[in-house]
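Heads up, the thing below is written out as structure tokens.
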Amino acid sequence: MRILLTNDDGIHAPGLALLERIARALSDDVTVCAPAEEQSGAGHSLTLHMPVRLHSFGEKRYAVTGTPGDAVNLALRKLFPEGPPDLVLSGINNGENLADDVTYSGTISAAMESALAGIPSIALSQALRDRGHGFSAAEGWAEQVLRPLIDLAMPKRTLINVNFPALPAADVRGIRVARQGFHDYARGSVVESVDPRGRPYFWFGLDDIEHTLDHGTDLEAVSDGYVSVTPLQLDLTHHASIGLLADRFG
């Protein structure tokens, strides 16, 4: 099995190094292609107005001067001339990607890019609210989560989102399949200040976002100490509204 690894935290991120170790327990054919620098919050974006460069960091390890989507795009077109990889793993992200955060996440978007190409894709993220535990949960549970998924026949244009709770591996209660939740929308804070030249600037804050732990969601699962596994789809159509809109324009 040929596996492509990517992320949004950059080629030198500790979560990517951990994912590489785990992937090598699953396959002896692993290629890494990740952004050269951190691209958290880049979402599903591509670099269209400047060149993108590919740098080698050793055998089958590459960095791309662009977004996570660029990294996957370039990898599929330049690093796999014999055909696409069998699996794409994105992560392990430094911080959770739960609920509607999936719309911002470069980690999720990298997996979306490969899912659009018809490749089984899994995004993995580690909650770090208690930074004393680091990536312990991911290190202890990632292989156990991935093994049942690597040969799963998922429908086209879908991907799987995995989140590890901020706990020591020994304290994780298990694995729970859950639907995507939603935050109570109050998207952090905006810090306003003045730069050394006297010009105002704004910096989006990283305050914790309030959320409701609706039953059966990824938010609830991780809060309860479980690894959450959530299937996502790329079809954003709200099918129930098609008839309503058709009547309006009929």
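Ranking of 57, 164 by neighbouring Cβ atoms within 10 Å, starting from the fewest: 57, 164. Put simply, the Cα atoms of segment 47-99 extend 35, 30, 21 Å along their principal axes, the longest span coming first.
Decide, for segment 1-132, between rounded, prolate and oblate: order the square roots of the alpha carbon gyration tensor eigenvalues as a ≥ b ≥ c, take rounded if a/c falls under 1.5, and otherwise choose prolate if a/b is larger than b/c, else oblate. Since a/c stays below 1.5, the shape of segment 1-132 is classed as rounded. Each of 104, 226, 201 was scored by other Cβ atoms within 10 Å of its Cβ. Listed from fewest to most, they are 201, 104, 226. Amide H to amide H, with H built 1.01 Å from N, residue 62 comes under 5 Å of 32, 33, 34, 57, counting only residues 5 or more places away or on other chains.
Of all beta bridges DSSP finds with both residues in the chain, what is the antiparallel percent, to the nearest 5?
35 percent
Here segment 1-140 carries DSSP beta bridges of which approximately 15% are antiparallel, counting only pairs with both residues inside.
Working from label points 7 Å from Cα in the Cα-to-Cβ sense, the residue 117 to residue 52 distance is 1.0 nm.
Does segment 99-250 come out rounded, prolate or oblate, given a ≥ b ≥ c as the square roots of the eigenvalues of its C-alpha gyration tensor, rounded meaning a/c under 1.5 and, failing that, prolate meaning a/b above b/c? Oblate is the answer for segment 99-250, as a/c is 1.5 or above yet b/c matches or exceeds a/b. Ranked by the mean number of other Cβ atoms within 10 Å of their residues, highest first, the peptides 81-93, 166-178, 147-159, 3-15 come out as 3-15, 81-93, 166-178, 147-159. Remark: C-alpha extents of segment 23-78 on the principal axes read 37, 21, 19 Å, sorted largest to smallest.
Spacing of the modelled spin labels on residue 244 and residue 158, each 7 Å from Cα toward Cβ, amounts to 2.5 nm.
Of the peptides 230-240, 66-76, 110-120, the order by per-residue mean of other Cβ atoms within 10 Å, starting with the highest, comes out as 66-76, 110-120, 230-240.
Counting other beta carbons within 10 Å of each Cβ, put 247, 224, 218 in order, fewest first.
Fewest-to-most Cβ neighbours within 10 Å comes out as 247, 224, 218.
From its DSSP helices (H runs of at least four residues, each -39,500 (n - 2.57)), the chain gives a residue-normalised ellipticity at 222 nm of -6500 deg cm²/dmol.
Of 56, 223, 45, which has the largest mean-square fluctuation in a 10 Å C-alpha GNM of the chain? In the Gaussian network model the winner is 56.
Where a number appears in this text, it was derived from the coordinates with a stated rule and is not lab data. Here the structure is a predicted model, which is why all the values come from computation and not from measurement. Here Cβ is always computed from backbone atoms with ideal geometry, including for glycine, and neighbour counts include all displayed protein chains.
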